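These notes concern the structure reproduced below.
Since every read-out is calculated from the coordinates, none of them should be taken as a lab result. Treat the numbers as computed from the prediction; the structure is a model and nothing was measured. Glycine also receives a Cβ, built like all others from the backbone with ideal geometry; neighbour counts cover every protein chain displayed.
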Amino acid sequence: MRKSAILYFILFALLLTACGANSGGSSTENAKGTAADTELTADEELIITATNYSFDQEEYHLKKGVPVKITFKNETGNHGILVPEMKLRLDAKDSSQVIVPEEAGTFEMTCAIMCGSGHSGMSAKIIVE
């Protein structure tokens with residue numbers, strides 16, 4: 001019984017750590033394709049909404065070189081968004097960021113927080129034209 005309790009405690013601690021994990025940078029960190037909210041004014045705004053195991057669209061379109069404020073809204077469940085090539089990670093804590101897409105292409109957006117059985121299928125595409 002005691003081993004079970006210790007195992008559950010460790011599992012709980014790991015889940016809390018994973019849910020609060022940071023990608024190593026902040027949303028105000030300057031990097032290729034990103035810009036701090038306080039340093040750049042967005043010409044456009046994109047709102048991405050998540051529900052259990054899906055985003056509100058399969059594709060999101062952005063214009064190359066045009067500053068856009070991306071805002072993440074979570075309707076149901078515990079989700080986030082992650083686009084490594086754009087250095088974009090948003091969740092309930094850091095829900096918006098201004099970026100300047102500098103490279104045309106199609107980029108995979110996935111859920112940034114382990115959200116349950118449908119997590120692996122929770123993805124969409126960001127297309128920069």
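Magnitude of the Cβ-charge dipole of the stretch 56-129, K/R +1 and D/E -1, about the Cα centre, nearest 20 debye? Could the numbers behind the result be given before it?
Values: 8 positive and 11 negative charges, 46 e Å.
Result for the stretch 56-129 is approximately 220 debye, rounded to the nearest 20.
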Review point. Spin-label point model (7 Å from Cα, Cβ direction): what's the residue 129 to residue 64 distance in nm?
Key: 1.3
Exercise for review: Quick one: compute a quarter of the convex hull surface over the Cα atoms of the stretch 25-128 and quote it in nm².
Suggested key: 5.8
